[in-house]
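Written below as structure tokens is the structure these notes are about.
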Amino acid sequence: MQAGWSICDSPAAWNTSTGVFALGDDARIGRIWAGGGSMLRVEVCSGSLRSWVVLTGELDLASAPHLQQVLDQLCRDRCPDVVLDLAGLDFLSAIGLEMFLRADDQLRAAGGRLILNRPGRVIRRVLAITGLDTILIIRPRTLDSLDRAATSGVGRVS
């Protein structure tokens, strides 16, 4: 299967460089999948305060470039916070970890932050083994707890 995007809704405009669909002035949603042996679906919903990127499948060498395009676009768009929802992520390779660090650095340089939300047991273990659980912001499963934790400054070691 060739890499590409599929439509979630009926968007008004499509950015062909990133495959992100524009819905009005500040909301975008889209899906991407990577071909080859791996499958990664990326759904993006972007607003003025926070962008949500929902990952489903495997983040590996084959699928990473597609997600990197989306994260780069969100950084260029100066999204203050980018939340990566990892609940549906089954596999996370070293390239995915590197991508998370790079996005976090870019967002922090612009006054934003990357938030890893709802990682499953396997992904939490990978983050813990590599020590990235002490560097990256990792949040629990609910939006309420995400908002409370975001204002308390918990989750990042300086």
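Since every read-out is calculated from the coordinates, none of them should be taken as a lab result. Here the structure is a predicted model, which is why all the values come from computation and not from measurement. Ideal geometry is used to build each Cβ from the backbone, glycine not excepted, and the neighbour counts take in all protein chains shown.
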Worksheet item: Which whole-Hz couplings ³J(HN,Hα) result when phi for each residue of the range 110-116 is put into the Karplus expression 6.51 cos²θ - 1.76 cosθ + 1.60, θ = phi - 60°, listed in order with x for Gly and Pro?
Response: 9, x, x, 7, 9, 10, 8
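With +1 on the Cβ of every Lys and Arg and -1 on the Cβ of every Asp and Glu, and nothing else charged, how large is the dipole of the range 81-144 about its Cα centre, in debye rounded to the nearest 20?
Dipole about the Cα centre, nearest 20: 180 debye.
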Worksheet entry | residue 69 versus residue 87: modelled label distance in nm, points set 7 Å from Cα along the beta carbon direction | 2.7 nm
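Expressed as a whole percent, how much of the Cα-Cα distance distribution for the range 84-125 exceeds 15 Å?
Beyond 15 Å sits 44 percent of the P(r) for the range 84-125.
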Item to complete: Multiply the residue separation of residue 124 and residue 102 by 0.36 nm, subtract the distance between their alpha-carbon atoms, and state the gained length in nm to one decimal.
Response: 6.0 nm
